[in-house]
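Notes follow the structure.
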Amino acid sequence: MALRAADRLKVVLNHLDRSGVAVRTSFTSAQNLSHHHPEALQYTFDTDVLSPEQRLAYEENGFILIKNLVSEEDINRFRKEFECICKGDVNIPGLLVMRDVSIAKSEFVQGEKAVTKLQDFQEDPELFRYCTLPQILKYVECFTGPNIMAMHTMLINKPPDTGKKTSRHPMHQDLHYFPFRPADRIVCAWTAMEKVSRQNGCLVVLPGTHKGTLQEHNYPEWEGGVNKMYHGIQNYNPSHPRVHLEMGTGDTVFFHPLLIHGSGMNRTQGFRKAISCHYASADCHYVDVKGTTQENISKEVEELARKRIGSDITVSFQDSWALRGRLVQGDRTSL
Ligand SMILES: CCCC(=O)SCCNC(=O)CCNC(=O)[C@H](O)C(C)(C)COP(=O)(O)OP(=O)(O)OC[C@H]1O[C@@H](n2cnc3c(N)ncnc32)[C@H](O)[C@@H]1OP(=O)(O)O
Ligand SMILES: Nc1ncnc2c1ncn2[C@@H]1O[C@H](COP(=O)(O)OP(=O)(O)OP(=O)(O)O)[C@@H](O)[C@H]1O
Ligand SMILES: O=C(O)CCC(=O)C(=O)O
Ligand SMILES: [Fe+2]
Ligand SMILES: [Mg+2]
């Protein structure tokens, strides 16, 4: 599925045919880009949604931030549903409710204050509405193309740090968790449900790292402990420029699954909330991760499936994704 160089060029030229002045500026930068990087325009499609400047920015950085994409009204509805789930008022099949390791292993905390994230809310119509919002899908299509699967859903409720620094999310690449390819046809949408800042542990990204390869991930050696499956990259370049993505309510960042990112600790008393979905082109295919750096996570996921479903049926790493994935646009061609 990755565009061949010739196709990439065609994409650039198409743009030139159709738009005016703005494109001429970008033609200059596109030319410069392709001069320096033969991979120019390998990451985005022309759907008339992203401006040429926005496309080039994603190609260069591996992420793009769109302000105010989700309404306060929708965010409030997601908050309400989250509260209902935490109170136990609704029971959603397949939903995983995760507590922070420092809370889970010590004191007893009830309700939403105990929950660090919800995972796999695809069977909750209210939360899953997030994944189908037309203004989100319109952007997603620029990265995946027209057949779109919602593969992975999360509502993250980063708790105030208990002093053990377990509220941090180590630097990682999301592709580590995914046995499907090509990577360029996968994208994460991450929407701030309130103001997120350095204080409450906003996302931290290393721009441009999406052009690299998938790195080895392991549990970081953190004294205070680390949350289940929060694998991190041990030896990323610490002097690589980092960008703290401070965002307002409803602002949404779209990022590539190879982009190295994490989040710092929450130094406030509030719970920092975000809702996200990983999308993939339905034309992607599953890959066998045996003998690769992803073998460690695949074993953990298979072990978790055994615990939850029982050992009479074997659910492979790939199966676990095929079961969770939901079509949100076009045809379910492969995944
Ligand atoms: C792009 C994707 C990026 C990512 O998805 S990154 C993060 C992915 N994280 C996950 O998928 C989380 C998966 N979650 C889980 O496996 C479960 O929620 C988890 C952590 C095992 C808890 O299971 P439950 O059965 O709900 O809880 P439980 O209270 O019965 O505890 C069972 C044992 O697990 C421990 N535990 C609970 N929460 C934990 C945590 N946050 N981190 C580490 N360990 C945790 C708990 O202490 C207990 O251990 P033990 O049996 O007493 O030794
Ligand atoms: N010692 C460390 N080892 C590995 N990863 C770390 C370490 N310290 C921070 N990180 C990770 O780096 C990312 C960003 O960290 P950052 O330094 O921005 O957060 P912070 O130190 O909590 O906040 P700030 O730098 O704003 O004071 C997070 O993903 C965090 O988990
Ligand atoms: O919301 C965050 O802190 C980051 C979460 C994240 O990157 C992930 O779960 O893959
Ligand atoms: Fe991530
Ligand atoms: Mg720091």
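When the stretch 70-112 is examined, which residues are found to be on the phi > 0 side of the Ramachandran plot and modelled with pLDDT of 90 or more? Across the stretch 70-112, the qualifying residue is only GLY94. For the stretch 302-323, the count of residues that are out of contact with any His (no Cβ under 7 Å at 6 or more places or on another chain), within 16 Å of ligand 4 (Cβ to nearest atom) and over 24 Å from ASN68 (Cα atoms) is at least one. Kindly establish whether ALA322 is at pLDDT below 95 and surrounded by fewer than 20 Cβ atoms within 10 Å (Cβ to Cβ). No: the conditions fail for ALA322. What pairs come out if I take residues in the stretch 257-274 that are over 21 Å from THR144 (Cβ atoms) and free of Cβ contacts under 8 Å to residues at least 60 places away in the same chain and pair them with residues that are away from ligand 4 (no atom under 11 Å from the Cβ) and of a type in the set (A, V, I, L, M, F, W, C) whose C-beta lies under 9 Å away, six or more apart or interchain? Close Cβ pairs (under 9 Å, with a partner that is away from ligand 4 (no atom under 11 Å from the Cβ) and of a type in the set (A, V, I, L, M, F, W, C)) do not exist here.
Show me the strands (runs of 3 or more DSSP E) found entirely inside the stretch 226-331 where at least 1 residues are closer than 25 Å to ARG55 by Cα and of a type in the set (Gly, Ala, Ser). Answer list for the stretch 226-331: 261-263, 272-281. Checked against the criterion of being without any contact (Cβ under 8 Å) to a residue 60 or more places away in the chain and away from ligand 3 (no atom under 16 Å from the Cβ), the stretch 133-142 contains one or more residues that satisfy it. Between ASN147, ASN157, the distinction of being over 16 Å from the mean Cα position of the chain (by Cα) and at pLDDT 95 or above belongs to ASN147 only. Within the stretch 198-217, take every residue that is out of contact with any Gly (no Cβ under 7 Å at 6 or more places or on another chain), within 15 Å of ligand 1 (Cβ to nearest atom) and not in a loop (DSSP other than H, G, I, E, B) and give me the one that is farthest from ILE186 (Cα to Cα). Once the filter is applied, the top-ranked residue is LEU203.
So which residues in the stretch 175-206 are closer than 17 Å to ALA322 by Cα, among the charged types (D, E, K, R) and surrounded by fewer than 23 Cβ atoms within 10 Å (Cβ to Cβ)? Once the filter is applied, which keeps residues that are closer than 17 Å to ALA322 by Cα, among the charged types (D, E, K, R) and surrounded by fewer than 23 Cβ atoms within 10 Å (Cβ to Cβ), the stretch 175-206 yields only ARG181. Kindly indicate whether VAL115 is modelled with pLDDT of 95 or more, away from ligand 2 (no atom under 16 Å from the Cβ), β-branched (Val, Ile, Thr) and crowded, with 18+ Cβ neighbours inside 10 Å. Judged against the criteria, VAL115 is not a match.
The values are calculated or read from the model by the stated rules, or taken from the named source; none is laboratory data. Note that this is a predicted model, so its numbers are computed, not measured. Glycine also receives a Cβ, built like all others from the backbone with ideal geometry; neighbour counts cover every protein chain displayed.
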